[in-house]
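Engineer: Quick one: the structure is below, questions incoming.
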Amino acid sequence: MESVGLSTSARERWRAHRLDASALLRAGAVGVLLLFVLLALPQLLSLYYIDAMTQVAVYAVVALGLGVLIGRVGLVSLGQTAVLAIGAWVSARLLFATSLPFPVVLLASGVITMVLGTVVGLPALRMRGLYLALITLMLAGAITVVLATVNFPNGGHGFLGYNGNFVHIPSIRRPAIAASDPAFFRYAVVVAAVMFALVLAHVRSRPGRAWAAIRQSEPAALAAGINVTLYKLWAFALASFITGVAGGVLAAAVRHLYSIDFPTQDSITLLAVVLMGGAYSLWGAVIAALLLEFLPALLNNWGVSADWLTIVFGVGVLQVLTTAPRGLAEQVPRDLARLWRLVAGRGRHRPAVGGGAR
Amino acid sequence: MIEVRGLTVRFGGVTSLQDVTVSFARGTCGLIGPNGAGKTTFFNVLSGFVRPSAGSVRAFDTDLLRLAHFRRARWGLRRTFQTEQAIEELSVYDNVAMIHEHSRLSAGSRRRDVLEAIAFVGLDLDPRARVATLGAGQRRLVELARAVVGRPRLVLLDEPAAGLPDEETRHLREVILQIPSHAGALVILVDHDMSLVRACCETTAVLDFGRLIASGPTEEVLRDEQVIRAYLGTEELAA
């Protein structure tokens, strides 16, 4: 088939770099980092920080779910903490009521949360922006109220599994291979890695392309043959699934769940740190989780009230929105590269400029 | 063959299209008229973004209006937009592949078809380049590649040359001219550049205030008294 103009080279150019060296390098770096976190980190940290890092693993997945919604599809949800609470509730109930293997419970709570979370996403089919944020926030508030009434399961009987008369409340069980805190930290990291891989597989393929189109322009997406309704619900389903799984890990991490641990305003803080980390990037989710869970642990250990973080996050969001809309995940490497160029450049020029005397 | 009968579109009290009956036979057909004449509304009806209050559209023996909007791409309807809508976040390749994967076409031929479409429009660049890094002319070509990939039956081009320098318009003209024979599709071209319309379109229809005021062979239509009064004359005055 002939072509117009000069170009027939698109195909050759495509063949030219089939093996992308930088992508391999990046994958290798991620692998090494993962090995370090799994093998070395538990040896280096005290139990206090290991627990904090387990929370980071959980909230990295929650932040990732919100990142998919905001960064990829352009849907603002302020209900993700409530979705996490649903996941935690469901898996706590299953862990007390059944002797199912732990991964099966995680999968089941992911699927159940996916169904419920997609219902939270239904308003998104008609709304965007501020109104969607408001509706999801109200829904999250409603879920918090319900949870405060029914409480989290604590080994009691019946559908709700709650017994207010217990003196010794039994702990939520952990998998046999991950009973200790360091072992469970590793378990949480592996689960988080699997969830990141699941999301990566989505954004790199058909749904990811469809989401990018929807985020930029719904008419363009429709004209490309994309079923916008389906793909929006798909995004909510994926975000809810991974958040539900994270809820299961959280339940076994803390071992006792209380409804006051899931206040509605946490969803707003989550949005703030996701914006700071970078909603579009997978690394942004890790940064968001470090800001949300590790930083308070650090401050507490230093004797500084973690409440200060509200102010820090406020300033941080303002900083990111004005100077780096894609968050710290992009800003930090970019600024480091700029700094490096500056330092390297100055090093080279110093003899000429300063005469080498200083 | 596209047969439009009695098409009427009302937005509240405004009638954007009034009882338009027109047909487009083959090759590239022009659709012209002053701003606000209803050209884009006409395209929006065909692509399913606007539901007409009356009328029918038969396209190659399919009742187009009965297809859900997102299914029309699968049927073979492609369009470009007045403000170019290539997806910035994606690579050139992914932009074009996206249409292919939502059509009923085999995934086995995807890479070949996509690269062929990119080559057809004359985009001389690495298909992995992100659209955000491209200039306006190249983005238009990405949109055109999206319009010709796979097996389009009806291609709607909404002012493809708007805002482009002369040289790029010339290249665009070459591409548009070849779409019917290359892709086997019927092309409807909306543009204000009369030299482009003259060069590309055998037949042309003219809309004014939502009504069809002329249609037929392009040269005849452009000589039509009413068309000159309603549209072309005003352009000359403005110039």
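Engineer: Being of a type in the set (S, T, N, Q) and modelled with pLDDT under 90: is that true of B:Asn35 here?
Structural biologist: Yes; evaluated as a whole, the condition is true for this residue.
Engineer: Of everything in the range B:79-96, what is touching a residue at least 24 places away in the same chain (Cβ under 8 Å), more than 7 Å from chain A (Cβ to nearest Cβ) and out of contact with any strand residue (DSSP E or B) (no Cβ under 6 Å at 6 or more places or on another chain)? Give them in sequence order. Lay out the reasoning, then the answer.
Structural biologist: Restricting attention to the range B:79-96, the residues satisfying the condition of being touching a residue at least 24 places away in the same chain (Cβ under 8 Å) are B:79-82, B:84-93, B:95-96.
So of that shortlist, the ones also more than 7 Å from chain A (Cβ to nearest Cβ) come out as B:80, B:82, B:84, B:86, B:91-93, B:95-96.
Once the filter is applied, which keeps residues that are touching a residue at least 24 places away in the same chain (Cβ under 8 Å), more than 7 Å from chain A (Cβ to nearest Cβ) and out of contact with any strand residue (DSSP E or B) (no Cβ under 6 Å at 6 or more places or on another chain), the range B:79-96 yields B:Glu84, B:Ala86, B:Val92, B:Tyr93, B:Asn95, B:Val96.
Engineer: Something else about it: What about A:Val167, is it under 25 Å from A:Val104 (Cα atoms) and either in contact (Cβ under 8 Å) with a residue 60 or more places away in the chain or surrounded by fewer than 24 Cβ atoms within 10 Å (Cβ to Cβ) (or both)?
Structural biologist: In short, no.
Engineer: Any residue at all in the range B:173-187 that is of a type in the set (Asp, Glu) and closer than 28 Å to B:Ser53 by Cα?
Structural biologist: Checked against the condition, which is being of a type in the set (Asp, Glu) and closer than 28 Å to B:Ser53 by Cα, the range B:173-187 yields no hits at all.
Engineer: Restricting the range A:222-242 to residues that are assigned to a helix (DSSP H, G or I) and in contact with a Phe, Trp or Tyr (Cβ under 8 Å, 6 or more places away or on another chain), which is farthest from A:Tyr280 (Cα to Cα)?
Structural biologist: A:Ala223
Engineer: Right, another one. Only residues that are within 7 Å of another protein chain (Cβ to nearest Cβ) and either more than 19 Å from A:Trp211 (Cα to Cα) or not hydrophobic (A, V, I, L, M, F, W, C) (or both): list them for the range B:61-70, please.
Structural biologist: First, pick out the residues of the range B:61-70 that are within 7 Å of another protein chain (Cβ to nearest Cβ): B:69-70.
Of everything in the range B:61-70, just one residue is within 7 Å of another protein chain (Cβ to nearest Cβ) and either more than 19 Å from A:Trp211 (Cα to Cα) or not hydrophobic (A, V, I, L, M, F, W, C) (or both), namely B:His69.
Engineer: Now for a different question. Just wondering, is there one or more residues in the range B:164-185 that are buried (at least 20 other Cβ atoms within 10 Å of the Cβ), over 24 Å from B:Arg111 (Cα atoms), away from chain A (no Cβ under 11 Å) and under 12 Å from the mean Cα position of the chain (by Cα)?
Structural biologist: no
Engineer: So B:Arg74 fits all but one of (1) within 16 Å of B:Val190 (Cα to Cα); (2) in a helix (DSSP H, G or I); what number is the exception?
Structural biologist: Among (1) within 16 Å of B:Val190 (Cα to Cα); (2) in a helix (DSSP H, G or I), the lone unmet condition for B:Arg74 is (1).
Engineer: For A:Ala201, work out the one condition from (1) part of a helix (DSSP H, G or I); (2) within 14 Å of another protein chain (Cβ to nearest Cβ) it doesn't fulfil.
Structural biologist: (2)
Engineer: When you check B:Val148 against the structure, is it under 13 Å from the mean Cα position of the chain (by Cα) and away from chain A (no Cβ under 14 Å), yes or no?
Structural biologist: Taking the combined requirement at face value, the residue does not satisfy it.
Engineer: Inside the range A:157-185, can you point out the residues that are at pLDDT below 80 and within 14 Å of A:Val90 (Cα to Cα)?
Structural biologist: A:Gly158, A:Phe159, A:Gly161, A:Tyr162
Engineer: Run down A:Leu100, A:Leu107 and say which single residue is outside any helix (DSSP H, G or I) and either modelled with pLDDT under 95 or surrounded by fewer than 18 Cβ atoms within 10 Å (Cβ to Cβ) (or both). Outline the logic, then answer.
Structural biologist: Numbers: A:Leu107 fails: outside any helix (DSSP H, G or I).
That would be A:Leu100, the only listed residue that is outside any helix (DSSP H, G or I) and either modelled with pLDDT under 95 or surrounded by fewer than 18 Cβ atoms within 10 Å (Cβ to Cβ) (or both).
Engineer: Additional query: Looking at the range B:1-22, which of the residues that are of a type outside the set (A, V, I, L, M) and free of Cβ contacts under 8 Å to residues at least 40 places away in the same chain is nearest to B:Leu177 (Cα to Cα)?
Structural biologist: By that ranking, first place goes to B:Phe11.
Engineer: Within 19 Å of B:Leu156 (Cα to Cα), crowded, with 18+ Cβ neighbours inside 10 Å and over 15 Å from the mean Cα position of the chain (by Cα), is that true of B:Leu196?
Structural biologist: Here the answer is no, as B:Leu196 does not meet what is asked.
Engineer: Please go through the range A:222-263 and give me each residue that is more than 21 Å from A:Gly65 (Cβ to Cβ) and within 14 Å of chain B (Cβ to nearest Cβ), ordered by number.
Structural biologist: A:Leu222, A:Ala223, A:Ala224, A:Gly225, A:Ile226, A:Asn227
Engineer: Out of all the residues in the range A:204-221, which are facing chain B (nearest Cβ under 10 Å), of a type outside the set (D, E, K, R) and assigned to a helix (DSSP H, G or I)?
Structural biologist: Within the range A:204-221, A:Gly208, A:Ala210, A:Trp211, A:Ala212, A:Ala213, A:Ile214, A:Gln216, A:Pro219, A:Ala220, A:Ala221 qualify.
Engineer: Test B:Thr204 against the criterion of being farther than 24 Å from B:Val45 by Cα, more than 11 Å from chain A (Cβ to nearest Cβ) and surrounded by 19 or more Cβ atoms within 10 Å (Cβ to Cβ), and give yes or no.
Structural biologist: No: the conditions fail for B:Thr204.
Engineer: Something else about it: Which condition number does B:Asp126 fail, the rest of (1) assigned to a helix (DSSP H, G or I); (2) within 11 Å of another protein chain (Cβ to nearest Cβ) being met?
Structural biologist: Tallying (1) assigned to a helix (DSSP H, G or I); (2) within 11 Å of another protein chain (Cβ to nearest Cβ), B:Asp126 fails exactly one: (1).
Engineer: So, of the residues in the range B:129-145 that are crowded, with 19+ Cβ neighbours inside 10 Å and β-branched (Val, Ile, Thr), which turns out to be farthest from the other protein chains (Cβ to nearest Cβ)?
Structural biologist: B:Val142
Engineer: If we scan the range B:106-116, do we find a residue that is at the interface with chain A (Cβ under 9 Å from one of its Cβ atoms), hydroxyl-bearing (Ser, Thr, Tyr) and either over 23 Å from A:Val203 (Cβ atoms) or out of contact with any His (no Cβ under 9 Å at 6 or more places or on another chain) (or both)?
Structural biologist: No, every residue in the range B:106-116 fails to be at the interface with chain A (Cβ under 9 Å from one of its Cβ atoms), hydroxyl-bearing (Ser, Thr, Tyr) and either over 23 Å from A:Val203 (Cβ atoms) or out of contact with any His (no Cβ under 9 Å at 6 or more places or on another chain) (or both).
Engineer: Just to be sure, is A:Ala246 in contact (Cβ under 8 Å) with a residue 40 or more places away in the chain, surrounded by fewer than 24 Cβ atoms within 10 Å (Cβ to Cβ) and more than 15 Å from B:Met98 (Cβ to Cβ)?
Structural biologist: no
Engineer: Could you check how many residues of the range B:90-112 are part of a loop (DSSP other than H, G, I, E, B) and either crowded, with 23+ Cβ neighbours inside 10 Å or modelled with pLDDT of 90 or more (or both)? Step through it out loud before you land on a result.
Structural biologist: Step one: list which residues in the range B:90-112 are part of a loop (DSSP other than H, G, I, E, B), which gives B:90, B:102-106.
When the remaining residues are screened for being either crowded, with 23+ Cβ neighbours inside 10 Å or modelled with pLDDT of 90 or more (or both), the result is B:90.
Matching residues across the range B:90-112 total 1.
The values are calculated or read from the model by the stated rules, or taken from the named source; none is laboratory data. Keep in mind that this is a model prediction, so the values were computed, not measured. Quick reminder, even Gly has a Cβ in these numbers, built from the backbone with ideal geometry, and neighbours come from all protein chains shown.
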